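For reference, the structure is listed below as structure tokens.
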DNA sequence: TATTTGCGCAACCGATTAGTTGCATTTATA
DNA sequence: TATAAATGCAACTAATCGGTTGCGCAAATA
């Protein structure tokens, strides 16, 4: 089961879930109200997000609050970093950019 | 057919292809030598990358050189931007961060 | 205590995915 | 000109994906 951050954010519903719980921790039921799918479908998305540590849970009685774990997003940012220089004008030393890409 | 940038980069082979052609434009055959799959499989990945404009082609006789199109990667960067403040310590005004997220 | 609520888990289903093989077409080469 | 090389396209396949329904269990509530 491939379960990395890139695969996790490839689904638009999961990106929407991330955007919601980034604002505040939420329960599966509360999350499901924002979508046209069942609570179970949302729970499946949460499970995927939890498995790749983009989300962590906090039990409170019978409710489970899911929190956003921003540190895991760094992985994506770090991958992007290798290419950022290629689209940002302020980098002029293209040679160094390419060198950096090679030593990834 | 959902064909957005996020779905495109969700596959590890496609991310590897991007990393390769970011260094220099390559033909499908040249690319395929770097992987354990067939040339056709690589071509299918290239097609997906082309459809979401992460890659553009340049015909040269019977060969086709595929180039990386970095501007399209901005989309991912812009999405990340909304969350970046959440993992970077230098941002202290969390209220503004959350406000920004709400107005996405 | 009986019932409702919140949740995870399992089974199932149709669509998509990533791979394969085979073939047709165009360009380069012997 | 005949042949080889580079590529795209189509058909097929097993695995995965995103969704569903049904269930069981623990916690809250009437």
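Just so it is clear, none of the values below were taken in a lab; they were calculated from the coordinates. Just so it is clear, the model here is predicted, and its values are computed rather than measured. Virtual Cβ from ideal backbone geometry, glycine too; neighbours counted across all protein chains shown.
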Ignore the peptide's own chain and count Cβ atoms of other chains within 10 Å of each Cβ in A:78-87; give me the average, rounded.
4
Once both labels are modelled 7 Å past Cα along the beta-carbon direction, what's the residue A:44-residue B:27 spacing in nm?
4.4 nm
What distance in nm separates the two pseudo spin-label positions at residue A:15 and residue B:67, each 7 Å out from Cα along the beta-carbon direction?
2.6 nm
Under the convention of a label 7 Å out along Cα→Cβ, give the distances in nm from residue B:47 to the same position in every other copy, shortest first.
3.2
Within 10 Å of each residue's Cβ, count the other Cβ atoms and sort B:66, A:65 from fewest upward.
A:65, B:66
Looking only at other chains, what is the average number of their beta-carbon atoms within 10 angstrom of each beta-carbon in A:17-29?
2
Neighbour-count ranking for A:77, A:4 (other C-beta within 10 angstrom, fewest to most) reads A:4, A:77
For A:80, A:31, ascending order of other Cβ atoms within 10 Å (fewest first) is A:80, A:31
Please work out the Cα center distance from region A:1-68 to region B:1-21, rounded to the nearest Å.
23 Å
